[in-house]
Every structure is written in structure tokens, then in C-alpha cells.
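Colleague: I'd like to ask some things about the structure below.
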Amino acid sequence: MCKNINILAIESSCDETAAAVVRNGREVLSNIISSQIDIHKIYGGGVPEIASRKHIQKINQVTDEAMQRAGLSFNDLDAVAVTYGPGLVGALLVGVAYAKALSYSTNLPLVGVHHIEGHISANYIENKNLEPPFLCLVVSGGHTHLVIVKDYGEFEILGRTRDDAAGEAFDKVARAIGLGYPGGPKIEKISHNGNSEAITFPEAKIQDAPYDFSFSGVKSSVLNYLNGAKMKNQTINEADVAASFQHSVFSVLTKKAISAAKEYNIDKLAIAGGVASNSVLRTTIESACQKENIKFYYPSPIFCTDNAAMIGVAAYYEFLKGVRHGLDLNAVPNLKLGER
Ligand code: KG4
Ligand code: ZN
């Protein structure tokens with residue numbers, strides 16, 4: 001019988017302090033997340049300085065809890081993994097320094113993980129038969145990428161956003177409507193009471209880059225609509241604005257993902273990142289996939305937004321490839337996907 005590989009993973013790239021233990025890349029033994037949303041929402045968005053301070057306060061407790069829930073001791077582990085980029089530098093440094101200290105004191109190998117590789121890898125947790133190659137639409141607060149996952153840890157980026165990430169656009173539009181932070185879940189919630197065809201917001205097309213995205217146009221268009229209505233003293237139906245904005249963003253994401261799958265002849269499409277937890281995005285892409293005979297994969301919402309289980313999954317495949325980082329590992333805030 002093969003020996004189990006148990007990895008303790010740490011994630012602190014943004015505003016969740018998270019630790020998880022993952023066995024053999026696909027079995028989550030524990031997944032602890034301490035969210036800072038309640039503090040950041042007072043300021044209407046994430047405050048990097050506060051994020052770092054909260055991480056340093058929580059990281060020990062979160063890691064202890066992850067180990068306890070997994071029922072393991074450090075002797076049962078095979079590696080310590082940590083997100084080392086991209087993300088907020090101060091926030092990343094907390095996780096990196098903590099993981100390095102653990103690796104040093106326990107003699108366990110250290111594996112640095114790319115945050116987006118983690119998001120993509122979240123799909124492996126509940127889809128035990130999913131293996132590369134497949135196409136993945138990554139939609140988070142910081143990134144919007146259309147990627148071919150050629151192999152574990154090997155990526156070809158077909159397109160990316162030219163300006164705002166999809167989640168960022170949700171957060172900014174939510175703030176303009178007065179819904180608060182984080183915007184994505186709030187827009188999803190009120191959209192259920194709105195008409196997605198009430199207002200037509202534009203879908204950006206980018207010349208010569210069919211798989212690139214742009215969301216600043218639709219965001220500005222929502223802001224103009226809101227300002228125009230205020231100036232004319234018209235009442236604004238927030239649910240209609242939210243539903244129409246959401247429809248415009250999801251329509252462009254779906255069209256581009258499906259057309260890339262067809263062009264590159266890939267019959268598996270996965271989604272990843274915080275926005276992938278949106279149920280309307282899932283049903284929209286799912287029905288488009290059904291029409292084209294494409295298999296559709298998505299993680300449960302808890303594995304879509306930031307968590308450490310996804311980092312443990314990505315770390316397992318990096319570990320199998322022999323990737324090890326030294327105690328000179330640093331945070332890399334603009335780390336490129338596929339870079340090591
Ligand atoms: O992946 P994530 O947790 O963090 C980053 O790596 O950025 O993504 C957070 C983003 C935020 O912009 C948030 O508003 C968005 O994901 N989000 C959603 C939903 N839940 C979170 N967007 C749309 N609908 C949702 N249900
Ligand atoms: Zn993320």
C-alpha cells in the first residue's frame with residue numbers, strides 16, 4: 001500500500017486567514033477559515049494594513065485548529081505549504097514567515113504555492129475524476145483569467161482582464177448601489193428579486209484578443225445610469241440594476257469560455273475563484289455547456305472563496321513533481337501563473 005501524503009497548507013494572501021490539512025491531494029481532513037470581512041466592511045473594502053495585523057493575530061489559532069480537526073500531529077505530515085503570491089505583500093508575508101518557521105522547526109519540506117493555481121485546484125476536491133487537460137475560467141476579486149490547464153501546475157493563459165477583475169467590478173458596483181462589502185454575494189442576493197433584462201449594460205469586445213476581458217466599461221455604465229437617475233430624481237430599482245449588471249458580466253464570461261472550449265476542442269470546463277460561488281453564473285454556464293456537450297465542473301462555494309484546502313491540493317501536485325522551496329522563500333505580490 002502507498003504511504004499517505006499529508007500536507008498542512010496556509011493561506012493569507014488577502015483577507016482570510018486559513019489553514020487546512022489535505023491527504024493525497026484530494027481528501028480534505030480539515031479546512032479552517034477565519035474571515036476578516038466584519039472589520040473590512042466598516043471601511044467599505046479590504047484595508048491591507050489591517051489584513052496583515054489580523055493575520056498575525058489569527059494564524060496560530062487557525063493552524064492549531066486545522067491540525068486538531070485533522071486529528072494529526074506534525075509527525076504525520078509530509079510537507080508544509082503556503083501561498084507566496086500573488087496577493088497583498090504584508091498579508092502574504094505573515095503566512096510565508098509562519099510556514100517557514102514551521103518548516104524550520106519540524107524539518108518538514110516547504111512548498112510555496114501560487115494562489116490562482118490553488119483556486120483552479122479546488123476543482124479536484126469534489127470532482128475526483130477530473131484530471132488535466134481542461135479549460136478553467138478563473139473569476140476572483142483580483143483575477144479574471146481564461147486558462148488551459150495542460151497538466152498539473154502547467155498552464156496556458158488564453159486571456160485575462162485588461163482592467164478590473166470580475167469580482168472587483170461586483171464589489172465596486174455593489175458599493176455604488178449602496179449594498180456594502182463584499183459586493184458579490186450581496187449583488188447575487190438582491191438580483192433574485194430583479195429583472196436581468198430591465199437595463200442593457202454594454203459587453204466589451206477587445207480587438208484582436210478574443211479571450212481578454214474588460215469590466216471597467218460595464219462598471220462605468222452602471223455608475224452613469226445611477227447618476228443619471230439621481231439627477232432626474234427618478235427612483236432606482238436596485239434589484240433591476242444588480243440583476244442587469246450581473247447578467248451582462250456573466251453573459252460575456254460564458255460566451256468567451258464556451259467559444260474557447262470549442263476553438264481549442266476541449267470538452268471539460270471548470271470555474272474557480274470567489275465569483276464562481278455565484279449560483280446564477282453556475283446555471284448560466286452549465287446550460288451553455290449542456291448545449292455544446294461540454295462537461296462542467298465547479299467547486300462548492302466554501303472552496304471557491306479563499307481557503308487553504310485548495311492550496312493543499314495544489315501543493316500535493318507540486319510536491320509530487322519534486323518542487324521544494326528553501327527558507328529564503330519570499331512573498332511575490334505579482335507572481336505569474338506557472339512561475340516557480
Ligand atoms: O477568490 P476570492 O475569495 O479572493 C480573491 O482571490 O480575490 O474572491 C473574492 C471575490 C470578491 O470580489 C467577491 O465580491 C466575489 O469574489 N464573490 C462573488 C460572490 N461571492 C464572492 N461574486 C459574485 N457572486 C458571489 N456569490
Ligand atoms: Zn482568491
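The values are calculated or read from the model by the stated rules, or taken from the named source; none is laboratory data. Values in this document were obtained by computation on a predicted structure and should not be read as measured data. We place every Cβ from the backbone using ideal geometry, glycine too, and count neighbours over all the protein chains shown. The protein model used for the area step is the full one, side chains on, heavy atoms only, and it has no ligands, DNA or RNA in it. Shrake-Rupley method; radii C 1.70, N 1.55, O 1.52, S 1.80 Å.
Colleague: Once Lys and Arg get +1 and Asp and Glu get -1 on their Cβ, which of 153, 239, 97 lies farthest toward the positive end of the dipole of the chain?
Modeller: Checked the options; the winner is 239.
Colleague: On the protein heavy atoms, probe 1.4 angstrom, tell me the percent of accessible surface of the chain carried by carbon and sulfur.
Modeller: Carbon and sulfur together cover 49 percent of it.
Colleague: Further question on the same structure: Compute the separation of the alpha-carbon centres of the stretch 29-106 and the stretch 170-203 and state it in Å as a whole number.
Modeller: A separation of 31 Å, based on Cα centres.
Colleague: Excluding ligands, DNA and RNA, what is the solvent-accessible area per residue of the chain at a probe of 1.4 Å, expressed in Å²?
Modeller: 44 Å²
Colleague: In the chain, with Lys and Arg counted as +1 and Asp and Glu as -1 at Cβ, which of these residues, 10, 313, 226, has the Cα nearest the positive end of the dipole, that is, farthest along it?
Modeller: Value computed over the given set: 226.
Colleague: Which whole-number percentage describes the relative contact order of the stretch 131-299, with Cα contacts under 8 Å and a sequence gap of 6 or more?
Modeller: Relative CO of the stretch 131-299 lands at 26 percent.
Colleague: In terms of the Cα gyration tensor, with a ≥ b ≥ c the square roots of its eigenvalues, is the stretch 62-129 rounded because a/c is under 1.5, prolate because a/b exceeds b/c, or oblate?
Modeller: Cα axes put the stretch 62-129 in the oblate bin.
Colleague: Excluding residue 291 itself, what net charge comes from residues whose Cβ is under 15 Å from its Cβ, given Lys and Arg +1 and Asp and Glu -1?
Modeller: 0
Colleague: For a Förster distance of 45 Å, can you work out the FRET efficiency between the beta-carbons of residue 104 and residue 279, rounded to the nearest 0.05?
Modeller: Here the calculated transfer efficiency is 0.55.
Colleague: Name the helices (complete DSSP H segments) of the chain with a Cα length along the long axis of 15 Å or more and a Kyte-Doolittle mean of at least 0.0, or state none.
Modeller: Long hydrophobic helices here: 89-106, 166-177, 216-231, 238-263, 309-320.
Colleague: Something else about it: Using amide H atoms built in the peptide plane, which far-off residues or other-chain residues are under 5 Å from residue 268 H to H?
Modeller: 135, 295
Colleague: For residue 184, what charge total do you get from the other residues with a beta carbon under 12 Å from its beta carbon, if Lys and Arg give +1 and Asp and Glu give -1?
Modeller: +1
Colleague: Additional query: Which of 58/128; 291/321; 41/205; 41/128; 150/262; 205/291 have a Cα-Cα distance over 25 Å?
Modeller: 58/128; 291/321; 41/205; 41/128
Colleague: Let's see if you can work this out: charge +1 on each Lys and Arg Cβ, -1 on each Asp and Glu Cβ, no other charges. What is the dipole magnitude of the stretch 131-299 about its Cα centre, in debye to the nearest 20?
Modeller: Roughly 440 debye for the stretch 131-299.
Colleague: Determine the dipole magnitude for the chain: charges of +1 sit on the beta-carbon of Lys and Arg, -1 on that of Asp and Glu, nothing else is charged, the reference point is the Cα centre, and the result goes in debye to the nearest 20.
Modeller: Here the chain has a charge dipole of around 260 debye.
Colleague: Where a Cα-Cα gap under 24 Å defines reach, which lysines qualify for residue 230, not counting those fewer than 8 residues away within the same chain?
Modeller: 172, 186, 189, 219
Colleague: Right, next: If amide hydrogens are placed 1.01 Å from N in the peptide plane, which non-local residues have theirs closer than 5 Å to the one on residue 332?
Modeller: The list, which skips near neighbours in sequence, is 85.
Colleague: Taking 30 Å as R0, compute the FRET efficiency from the Cβ-Cβ separation of residue 129 and residue 154 and round it to 0.05.
Modeller: Rounded to the nearest 0.05, the efficiency is 0.95.
Colleague: Here's a follow-up. About its Cα centre, how strong a charge dipole does the stretch 104-194 have in debye, to the nearest 20, once Lys and Arg get +1 and Asp and Glu get -1 at the Cβ?
Modeller: For the stretch 104-194, the charge dipole is close to 340 debye.
Colleague: Calculate, in nm to one decimal, what residue 209 and residue 267 gain on full extension: separation in residues at 0.36 nm each, minus their alpha carbon distance.
Modeller: Going from the current span to full extension adds 18.7 nm.
Colleague: Using the beta-carbon distance between residue 61 and residue 293 and R0 = 56 Å, what value does 1/(1 + (r/R0)^6) give for FRET efficiency, to the nearest 0.05?
Modeller: 0.75
Colleague: Right, here's the next one. Give me the one-decimal nm value for the distance between modelled label points at residue 26 and residue 41, 7 Å along each residue's Cα-to-Cβ direction.
Modeller: Roughly 3.7 nm, to one decimal.
Colleague: Something else about it: For the chain, what is the calculated [θ] at 222 nm in deg cm²/dmol (nearest 500), taking -39500 (n - 2.57) for each run of four or more DSSP H residues and dividing by its residue count?
Modeller: -13500 deg cm²/dmol
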